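Read the figures in this text as sums done on the coordinates, not as results from a lab. Keep in mind that what you see is a predicted model, and the values were worked out from it rather than measured. Ideal geometry is used to build each Cβ from the backbone, glycine not excepted, and the neighbour counts take in all protein chains shown.
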Amino acid sequence: MSVAWSPDGRRLASGGGGREGGELFVWEAHSREQVRSLVSHSGVVFAVAWSPGGEILISGGNDGKLRWWEVESGQCVRVRVAHHGMVQALKVSPDGGILASCGDDGAVLLWDLNSGERLQILRHDRPYERLDITGIQDLTEAQKASLRALGAVEDDKVAPW
């Protein structure tokens, strides 16, 4: 579903899905040999990006989570809940300090690449953004879910951003 070259051009990362869930592979480009196989997403890996030094690989899947991987050890070193629905794309800023993620929820999130802390949310207001529907009578659960998907809030059922 996604591929990304390492900054030095020696390796290629590919993300997709397999029998055990989301799969992320690292390949040596010239020898065409698989270096790492990383399985941790509960579903398909849709986006991959490398850190500027090539030591960290970031993946995003249809589980809405971002994962930071140490390429040499193959260890997942950080997981962040990012989006409602699938992570569609990941890009690292030209200066190498910020990761941008976008997802099905219409949000673009900016992350500190090194610490994994969320820095900012970029999104247009949805039709019912911040409308408090707490206590409104005669709405079905499906109607409430639809309103929340359009930006409404109810009690503590607020989006993670």
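Can you give the convex hull volume per residue for the Cα atoms of the chain, as a whole number of Å³?
Working: hull volume 18.7 nm³, N = 161.
Output value, Cα hull per residue: 116 Å³.
As an exercise, use a Förster radius of 25 Å and the Cβ-Cβ distance of Gln120 and Glu55 to find the FRET efficiency, rounded to the nearest 0.05.
Details: r = 25 Å, r/R0 = 1.00.
The computed FRET efficiency comes out at 0.50.
In 5 Å bins starting at 0, how do the alpha-carbon pair distances of the stretch 1-96 split up by percent?
Over the stretch 1-96, the share of Cα pairs per 5 Å bin runs 3, 15, 27, 28, 18, 7, 2, 0 percent.
At most 15 other C-beta atoms within 10 Å and a DSSP loop state: those are the exposed GluC sites (Glu not before Pro) I care about. Give me the longest piece of the chain that has none. All intermediate terms of the calculation are to be shown ahead of the outcome.
Details: sites that count: Glu20, Glu33, Glu55, Glu72, Glu117, Glu129.
Within the chain, the longest run free of exposed GluC sites (Glu not before Pro) spans 73-116.
To make sure I understand, if each residue's beta carbon is the centre and we count other beta carbons within 10 Å, what order do Leu131, Leu66 fall in, fewest to most? Present the calculation step by step, with values, prior to reporting the outcome.
On the way: Leu131 15, Leu66 27.
Ordered by Cβ neighbours within 10 Å, fewest first: Leu131, Leu66.
What order do you get for Ile58, Ile121 when you list them from fewest to most C-beta neighbours inside 10 Å?
Numbers: Ile58 26, Ile121 12.
Placing the least packed residue first, the sequence is Ile121, Ile58.
So for the chain, taking the charge dipole from beta-carbon charges (+1 Lys/Arg, -1 Asp/Glu), which of Ile121, Trp68, Val26 sits furthest toward the positive end?
About the Cα centre, the residue reaching furthest to the positive side is Val26.
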